[in-house]
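Input: a single structure, listed below in structure tokens.
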Amino acid sequence: MSGFFYVLDDVSRILFVDDDPILREFAQVNLASPHCEIEVAVDGAEALARLAACNYDAVLLDLEMPVMDGFTALAMLRADPRTAHLAVIVQTGREDVEAIDKAFRLGATSFVTKPLNWRLLTYQLRYVLRASAAERGVRAAAEALARSEAA
């Protein structure tokens, strides 16, 4: 079965950011399903603009792009309270220790290398989305508890 499917009833919105037009098209074909919408951006600057205009459940972010690279975009995502906890899977042709360490230091949720294994990526994306939803639930419960204790 090709395409991404998610275990919850909600539709997940994913932003796939890569300067390669073929990979963007492959992402739309291989990851989209009735339960998952895939939108694309060509670089970090376009990704940040899309994220400012719409809510997404996760971002798949390339590192090597013109205009604004993935490292810069990731740092800006984490600095913005609105996207500080957004799930970000770095997907890149780089697999050197420096790139991996820097991506995680800047706040990557996960890291995959190219060439992408679309089947494996769908499962990893599903896992990241479930973990992200659980984390949001824990944060919401902690905030509710803090509000009730303050009252």
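All of the numbers you see were taken from the coordinates with simple rules; none came from a lab. Keep in mind that what you see is a predicted model, and the values were worked out from it rather than measured. A quick note on method: Cβ atoms are made from the backbone with ideal geometry, for glycine too, and the neighbour counts reach across all protein chains shown.
Results, tabulated for the structure shown:
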item	result
Cα centroid of the stretch 10-45 to Cα centroid of the stretch 53-86, whole Å	14
Ordering of 145-151, 57-63, 91-97, 102-108 by burial proxy (mean other Cβ atoms within 10 Å per residue, highest first)	57-63, 102-108, 91-97, 145-151
At 0.890 mPa s and 25 °C, Stokes diffusion of the stretch 18-151 via Kirkwood alpha-carbon radius, µm² per second	156
Ascending count of other beta-carbon atoms within 10 Å, so fewest first, for S12, S33	S33, S12
Over the chain, relative contact order from alpha-carbon pairs under 8 Å, at least 6 apart, %	20
R0 of 25 Å, Cβ-Cβ distance R105-R13: FRET efficiency to nearest 0.05	0.40
